[in-house]
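The values are calculated or read from the model by the stated rules, or taken from the named source; none is laboratory data. The model shown is predicted, which means the values in this text are computed figures rather than measured ones. Cβ placement follows ideal geometry from the backbone for every residue including glycine, while neighbour counts extend to all protein chains displayed. Accessible surface areas use protein heavy atoms only, side chains included; no ligands, DNA or RNA. Shrake-Rupley method; radii C 1.70, N 1.55, O 1.52, S 1.80 Å.
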Amino acid sequence: MRRTFLASMLAALSCLLLLWGGNRLATAGEPHQEPILRLETGMHAGNIKRIDVDAANRWLVTASEDKTVRLWELPSGRLVRVLRPPIGKENEGKLYAVAISPDGRQIACGGWTELGSDSGDTIYLFDRATGRLLKRISGLPNVIFHLAYSRDGRYLAACLGEKNNGVRVYRTDDLGLAGEDRNYGSQSDSADFTHDGRLVTSSRDGYLRLYSRDFRLIAKEKAPGGSQTSSVSFSPDGQKIAVGFSDSTKVDVLSGHNLSYLYSPDTEGINVGNISKVSWSADGDVLYGGGRYHDGKGCPVFVWENGGRGKRSSIPGAANTITDIRPLKDGGFIYSGADPAWGVYDRAGNRKLYLTPVVADYRATSDELLISSDGAYIQFCYEAWGKSPARFDVNTRRLVSASAQDTSLFPPVTESPALRITSWKNYEPELNGKDLKLDPYEKSRSLAIAPDGDSFLLGADWSLSLFDREGKEKWKVSVPDTTWAVNIAGNGRLAVAAFGNGTIRWYRMADGKEILAFFPHNDQKRWVLWTPEGFFDTSKGGAELIGYHLNQGKDKEAQFIGVDKLYDQFYRPDLVMAKFQGKDISEYAGAVDVNRLLRTNTLPPVVRMISAPGSTSSRDVAVKGEICSQGGGIGDVTLYLTGMPIVLDTSGRSLKVKGKIAKPACMEFEHIVTLNRGKNLIALMAKNKANTIESNRAEINITFHSGDKERPDLYMLVVAVNKYRDGDLRLKYPISDAADLVKSIRTGGKRLFGKVVVKTVYDDAATRVGVEKAFREVGSKTKRDDVFVLFLAGHGITYEKDGNYYFLPVDFRFTGEDAIRQQGISKDDLMKNLAHIQAMKSLLLLDTCNSGSFAEAVASRNIVEKTAVARLSKATGRSTIVASSKDKAALEGYEGHGVFTYTILQGMSGAAKDREGKVTVNGLATYVEETLPKLTYRKWGYEQIPQKSLQGMDFPLALP
């Protein structure tokens, strides 16, 4: 019983956040041009405030505090597109209202939307089919809390915040004002039209208002069920009005003609929270309701038969407050929850669709956010009430489920003899009996006392504040959502906070500056970690979870660029670690300033495939696509086959003008592609003219049917350098290692491949030109079904300024750090060279040493190598295994070999074979990963950690 009561209180208190979002700031004017980092998970990341459906029930629109409107296809639930009006920082851009015209052509939205007006707030009107911002209604005096189209689509009603603002009604043909009533004592939350054009509204002043079809006030009455009317809904025949209240669990039904009281549905036993949202079924036989009421399992939807006079039942709704309910023409209904979530029920009470939140729910977990003494290791919970605990380590970037207790993790300290902090959990906090200052309407949610006991951190609805022992505010920062949990590291240097939008963030205790942000997806697999400068690290698929919102002025829809499209500039795990360690990364941030890279005149092009998917019996097919500039021009174009780059056009040779205009926005791409046997995923991508931002990848699937099946050949390109022309860089083992690896692959490949062909490039031949020539020679011989192995042995290093890997050719001379970038063979060079190789099964083995005269100038650490290897593997689309030896290991070797090559040779000889006796790429990578650190620790006292990035399919290399 106590748990049910607490759940109800939690839902009720969290709903207060739905009503208001903090102090109102004067932000009117032209939208900000600076890119704004946002979550993008495919689902809302904040409370869904309102929903609406078109008359034919083909489309659902949802508006959220995450500042987006989403268009969903019904009945499939497929996300069609995201609509993005201009937004600003903090509350600017939060959307509280949305409506779709009855014919489904136009979508209206509004909320805390001042940026679209020179003064006041704005209603934005979008085209449903294209997502373009068509028009805007500006100059509204306050926040827009509700929008409703008339049943014939001729009018749009807007309900506004605060007193003396009331309701406005606009004609949809010319957006002129058709009617208004400002005589409201508080904000208006809801409006509904009848088929004959009458309008009813609710208000927090307690009154319902009924208007004629020409918007003259007919009646103004209070309903007996509560003092703050919230939602109103006309019955389909217009005879009755259902009313829900924000301060009551009652529901009233009034006359649709004069607002006289008719009856109240049965709400006996529903005593906590409210039933603020009501709606009739399409035939008027059933009344639905929901709100903050929590039954211990979640917030249900109530169902009353016989138009609200009959039996009451309840069905599962959402984990958090029910925020809206809309009827469907088949007799069912669609609803939304603040989780955020939305679902569909049919007339029989069967839930047909339910989209759950993808953000972690940190409510009621204020004691469950644990932290290590240095702040790098944390424990959090994916679900409220401390369910589904997990741990994340910033140092190792490992996300794991938490089972057994970990004594290195500590909960927040919330009690101290010297600091008596009370009423801090979901109330107005006090220190030693005196009020602590928060913003109006704001409640505190979480508390952590510093290890020295001289200060404490208070998390609230829209702020995070540090107070001293006297209650004086030392610093205060705005936060992205409700601060459900806070903690302070034992060293007193860092604080961590968990927010309602699913992010966890680290702050510097000295001044409140944000250090890192972490988003763990609710699938408990994907995650992304980033710095305020935009540098990020990620799990597989995690880069798709965040990106940049880019305003394009008042009259144009905003753009969104995912960070996966900025991978080359911002994927820097090394800089993420440096930021966490307190190092200055401003030099790197200045070199790739996101404000400079992301502007309306640097946007990437839009790409689509012209060629159709299908099947073919021809191995060579022409692939066509269209590339259209969005203002940033067209740069390098890449064609991928099953994730591997097979064409890299840097000169525009594959492009031709589309149309007859002199400077076309669109170009046509065409290239002949040699297919694999079976399914082929072909993708086309183009960068902007500056080659800094990737476009979308347009994809088609083509299946190649062939009865011929031959044994593949294995081609191996070996580049090894002992005798660098710079004598300080000379090495002992690369060429002998290469020779032994060739011998091993020849022996192991006899029974797997038709033939093994090896091209060696040693010492003086290993110049940039010589390596490129060798790639072309091997590429001219390979076929799609063949296997290709590249072995590089010599000096290689990660250049910290750009985070990329460089292999040093024989004629390299170290004259300074920039020499690495200027003379080395880069990942871009390797990508271009590998595009000549037709073989789809490829493996890159990089046995590199960072010893020599420049080793101290540019240190290569595991996290730095991880950055470079991941970037290299992504660019080339090939599986990659890399290890960089330190000076001593490089000079001494191991059993007559470089230690990395020794480990590979052991694996190829059978130590890495699987149950079928084959050595596969994945098996070899796992063996090297497990064995190499043990060997180096046993001989030299340190663990050399190889870096691997496996792409595409696994395949055998040897049958020992």
- Item | Filter pass, Lys918 being out of contact with any Leu (no Cβ under 8 Å at 6 or more places or on another chain) and among the basic types (Lys, Arg) | no
- Task: Filter the stretch 165-180 for residues that are part of a strand (DSSP E or B) and either among the basic types (Lys, Arg) or in contact with a Lys or Arg (Cβ under 7 Å, 6 or more places away or on another chain) (or both) and give the result.
- Result: Arg168, Arg171, Leu177, Ala178, Glu180
- Taking the stated definitions as given, is Leu438 assigned by the TED database to the domain that holds Thr531, hydrophobic (A, V, I, L, M, F, W, C) and open to solvent by less than 20 Å² (accessible area, probe 1.4 Å)? no
- Query: Among the candidates Asp283, Asp295, Asp266, which residue alone is among the charged types (D, E, K, R), surrounded by fewer than 22 Cβ atoms within 10 Å (Cβ to Cβ) and more than 23 Å from Thr229 (Cα to Cα)?
  - Reply: Asp283
- Task: Considering each residue of the stretch 379-418, count those that are in contact (Cβ under 8 Å) with a residue 24 or more places away in the chain and either more than 28 Å from the chain's Cα centre (by Cα) or at negative phi (or both), and give that number.
- Result: 21
- Task: Identify, from the list Ala450, Ala376, the residue that is farther than 30 Å from Ile322 by Cβ, open to solvent by less than 20 Å² (accessible area, probe 1.4 Å) and within 27 Å of the chain's Cα centre (by Cα).
- Result: Ala376
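Please pick out the residue among Ala56, Ala63 that is closer than 15 Å to Arg326 by Cα and either among the aromatic types (Phe, Trp, Tyr) or part of a strand (DSSP E or B) (or both).
Ala63
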- Message: Looking only at the stretch 565-586, how many residues end up being in contact (Cβ under 8 Å) with a residue 60 or more places away in the chain, among the acidic types (Asp, Glu) and open to solvent by 30 Å² or more (accessible area, probe 1.4 Å)?
- Response: 1
- Message: So in the stretch 225-242, with the set limited to residues that are outside any strand (DSSP E or B) and more than 16 Å from Gly308 (Cα to Cα), which one is least open to solvent (accessible area, probe 1.4 Å)?
- Response: Gly226
- Message: For the stretch 46-66: of the residues being within 24 Å of Tyr362 (Cα to Cα) and open to solvent by 10 Å² or more (accessible area, probe 1.4 Å), which is farthest from the chain's Cα centre (by Cα)?
- Response: Arg50
- Going by the structure shown, is Leu681 buried (at least 21 other Cβ atoms within 10 Å of the Cβ) and closer than 30 Å to Ala958 by Cβ? no
- Kindly provide the set of residues from the stretch 115-129 that are among the charged types (D, E, K, R), within 21 Å of Val61 (Cβ to Cβ) and at pLDDT below 95, ordered by number. Asp121
- Task: Please tell me if Asp511 is among the acidic types (Asp, Glu), touching a strand residue (DSSP E or B) at 6+ places or on another chain (Cβ under 7 Å), closer than 30 Å to Thr122 by Cβ and outside any strand (DSSP E or B).
- Result: no
- Note on the structure: Per the filter on the stretch 675-695, residues farther than 26 Å from Thr616 by Cα and either assigned by the TED database to the domain that holds Leu550 or among the polar types (S, T, N, Q) (or both) are Asn688, Asn691, Thr692, Ser695
- Item | Looking only at the stretch 67-96, and only at residues there that are more than 20 Å from Gln559 (Cβ to Cβ) and among the acidic types (Asp, Glu), the one that is most open to solvent (accessible area, probe 1.4 Å) | Glu90
- Query: Quick check: anything in the stretch 147-156 in a loop (DSSP other than H, G, I, E, B) and under 18 Å from Lys222 (Cα atoms)?
  - Reply: no
- Message: Please go through (1) touching a residue at least 40 places away in the same chain (Cβ under 8 Å); (2) open to solvent by 50 Å² or more (accessible area, probe 1.4 Å) for Leu597 and return the number of the only condition it doesn't satisfy.
- Response: (2)
- Which listed residue is of a type in the set (Val, Ile, Thr), over 40 Å from the mean Cα position of the chain (by Cα) and modelled with pLDDT of 95 or more, from Thr194, Thr201, Thr172: Thr194
- For residues in the stretch 101-130 being in a strand (DSSP E or B) and in contact with a Phe, Trp or Tyr (Cβ under 6 Å, 6 or more places away or on another chain), which is nearest to Thr172 (Cα to Cα)? Ile107
- Task: Name every residue in the stretch 803-836 that is at pLDDT below 90, among the β-branched types (Val, Ile, Thr) and farther than 20 Å from Ala591 by Cα, in order of residue number.
- Result: Thr815
- Task: Could you please tell me which pairs satisfy a Cβ distance under 7 Å, a separation of 6+ or placement on different chains, a first residue in the stretch 677-703 that is acidic (Asp, Glu), and a second residue that is open to solvent by less than 10 Å² (accessible area, probe 1.4 Å) and outside any loop (DSSP other than H, G, I, E, B)?
- Result: Glu694/Met685; Glu699/Ile682; Glu699/Ala683
- Query: Which one is least open to solvent (accessible area, probe 1.4 Å), of the residues in the stretch 308-337 that are more than 17 Å from Val53 (Cβ to Cβ) and at pLDDT below 95?
  - Reply: Asn320
- Message: Condition check: at pLDDT below 95 and outside the structural domain of Lys329 (by the TED database). Does Gly104 satisfy that?
- Response: no
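Look at Leu399 and say whether it is modelled with pLDDT of 95 or more, more than 30 Å from Ile449 (Cα to Cα) and in a strand (DSSP E or B). Talk me through it step by step, then tell me what you get.
Details: modelled with pLDDT of 95 or more: yes; more than 30 Å from Ile449 (Cα to Cα): no; in a strand (DSSP E or B): yes.
No.
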